[in-house]
Each structure stands twice: as C-alpha cells, then as structure tokens.
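Take a look at the structure below.
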Amino acid sequence: MKLYGWMTAPNPRRAKIFVAEKGIGLEIFEASDPGNPGELSAEYCEKYPHRRVPLLELDDGDWIGEAAAICRYLEALYPDKPLMGRAPKETAIIEMWDRLAEWEGLMAVSEVFRNTHKLFAGRGLAGYDRDIPQIPELAERGNFRLGLFFDKIDKQLGRHEFLAGDRFSFADITALCAIDFSISRRLPIPENCAHVIDWHGRVSARPAISG
Ligand SMILES: N[C@@H](CCC(=O)N[C@@H](CS)C(=O)NCC(=O)O)C(=O)O
C-alpha cells in the first residue's frame, strides 16, 4: 500500500498522524508537482480523478480517498491501538466529534485560507478541474465559524481529557490538524480557551506527532 500526501496540508496530515500513532509501516509519497509544489501533479490527478489528498493506493491497484475512509480501512486492518472506538457507543461518539472537528474546525479555516491566499486564486475549493472563484465573504464567515468552533471544543475539553472522552482518538487528530492549520494562518487559539490550549500542548507532545 502507498499513502499519498501533500507536504503539510491538513487532511493528509490526519492520515499520516493516524498511521504514526498506530505504528503502521506504510510508504508515504508526495502528490505535488515537483516543478510547482503548490499544485498536485498531473500524474496524480490522472490516477485519482477526485484530485484531492490523502489517497491510499492498494496493492491490487484499487484506491481509497478521504482521510476518514482511509483511517477507517487501516483501523480494520490494524486493530491494535484503536483510535476509532472499541465499542459501538464509543465509536459513534468519536465519529461525531471527528465530523464536528472536520466540518466546524477544518472547513472553517479552509474557508479563510482558500478564499484569501493569492496562490489559490481560482482554486476556492479543492478537487475541481476548473476555476472555482475565491469569495471574500466566505473567508469572513470562516473566521467567524472558527471562533465558534474554539468555544465549542473549549467547553468539551473542560469536561473531558480528550475531544471524544477520556482516550486519545481520531477526533483529536482531526481537531489538531485543523488548529495547527489555523495557527499557521496566524489565527491562534484564543487566549480565553484555556482548555484548548492545555489539550493542544498535551496532544502536540505525543511522540507520533512531535517526532
Ligand atoms: N474531505 C477530504 C478533503 C481533502 C482535501 O481537501 N485535501 C486538500 C488538502 S488538505 C487537497 O487535496 N487540496 C488539493 C488542491 O488544493 O488542489 C478528506 O477528508 O480527505
């Protein structure tokens, strides 16, 4: 199997951290164009018509896209060190928080990034083979949504050690990737979100993440 990523992009990072946390030996390949690292290569886009990363290419030539689907597949193949739940209720709660972190956190930062960054002019959304205009109002709304996301998870992290309860899970990985992406765009964790700041320090220090 081969995992394709794109430098420090947040969605491939979710899969890379998942693989590292579970200690799965997987070859990781860069999908960007060597001549233009700001874009996915033409060869990669031909292989994967949805034109996004991450992608898991299987030994039989089939492929699986979407970070959560890739991690779900790897969790089934490598059940040790479970990150997606050990029983139906825990599994559902982890999925709930993962989806919240993706939709309310990662999508909010992406709205800011994709609708403002000069290099992404005409690429307001990932995954299309034609121009998708940037919409400045979406960046404003993304910024607003991001603030709501920080407040929401601060409350949750005030009640639990980790996002989906008392064990580190895939939901923490998604939230961390969203928040590190936000920090890299100079949108830091608000100072009044003390629980998020504490959680961010603890999670970032995990060997699979800091190493
Ligand atoms: N829902 C997808 C989102 C994947 C996605 O948007 N990936 C971005 C990188 S974080 C991408 O492929 N961008 C390609 C581009 O901008 O051309 C997932 O969970 O994997």
* Asked: Quick check: anything in segment 80-99 near the ligand (Cβ under 9 Å from one of its atoms), open to solvent by 30 Å² or more (accessible area, probe 1.4 Å) and out of contact with any helix residue (DSSP H, G or I) (no Cβ under 6 Å at 6 or more places or on another chain)?
  -> no
* Going by the conditions given, is Ala205 surrounded by fewer than 21 Cβ atoms within 10 Å (Cβ to Cβ), modelled with pLDDT of 95 or more and not assigned by TED's automatic domain parsing to the domain that holds Ile17? -> yes
* To do: May I ask you to list pairs of residues, at least six apart or on different chains, whose Cβ atoms are under 7 Å apart, with the first in segment 27-52 being under 17 Å from Arg114 (Cβ atoms) and the second being away from the ligand (no atom under 12 Å from the Cβ)?
  => none
* Asked: Is one or more of the residues making up segment 64-74 more than 11 Å from the ligand (Cβ to nearest atom) and open to solvent by less than 20 Å² (accessible area, probe 1.4 Å)?
  -> yes
* **Of residues in segment 135-174 being assigned to a loop (DSSP other than H, G, I, E, B) and touching a strand residue (DSSP E or B) at 6+ places or on another chain (Cβ under 8 Å), the one most open to solvent (accessible area, probe 1.4 Å)** => Phe168
* Asked: Quick one: is Glu75 among the acidic types (Asp, Glu) and over 12 Å from Thr174 (Cβ atoms)?
  -> yes
* To do: Test Phe18 against the stated conditions and say whether it is more than 13 Å from the ligand (Cβ to nearest atom) and either closer than 17 Å to Gly211 by Cα or in contact (Cβ under 8 Å) with a residue 12 or more places away in the chain (or both).
  => no
* Asked: Here are some residues: Asp198, Asp180. Which one is under 15 Å from the mean Cα position of the chain (by Cα) and surrounded by fewer than 19 Cβ atoms within 10 Å (Cβ to Cβ)?
  -> Asp180
* Kindly provide the set of residues from segment 111-134 that are out of contact with any Leu (no Cβ under 9 Å at 6 or more places or on another chain), part of a helix (DSSP H, G or I) and either open to solvent by less than 80 Å² (accessible area, probe 1.4 Å) or under 30 Å from Ile93 (Cβ atoms) (or both), ordered by number. => Phe113, Phe120
* From the list Gly5, Gly25, which one is farther than 18 Å from Arg206 by Cβ, more than 8 Å from the ligand (Cβ to nearest atom), within 16 Å of the chain's Cα centre (by Cα) and of a type in the set (Gly, Ala, Ser)? -> Gly5
* Structure fact -> Residue pairs within 8 Å by beta carbon, gap of at least six or interchain, first lying in segment 164-179 and in the same structural domain as Asn143 (by TED's automatic domain parsing) and over 14 Å from Ala205 (Cα atoms), second part of a strand (DSSP E or B) and open to solvent by 10 Å² or more (accessible area, probe 1.4 Å), listed first then second, are Ser169/Phe162; Ala171/Phe162
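The values are calculated or read from the model by the stated rules, or taken from the named source; none is laboratory data. Quick caveat, the model's predicted, so the values are computed rather than measured. All Cβ positions, glycine included, derive from the backbone under ideal geometry; neighbour counts span all protein chains shown. Protein only, heavy atoms only, side chains kept; ligands, DNA and RNA dropped before computing areas. Shrake-Rupley method; radii C 1.70, N 1.55, O 1.52, S 1.80 Å.
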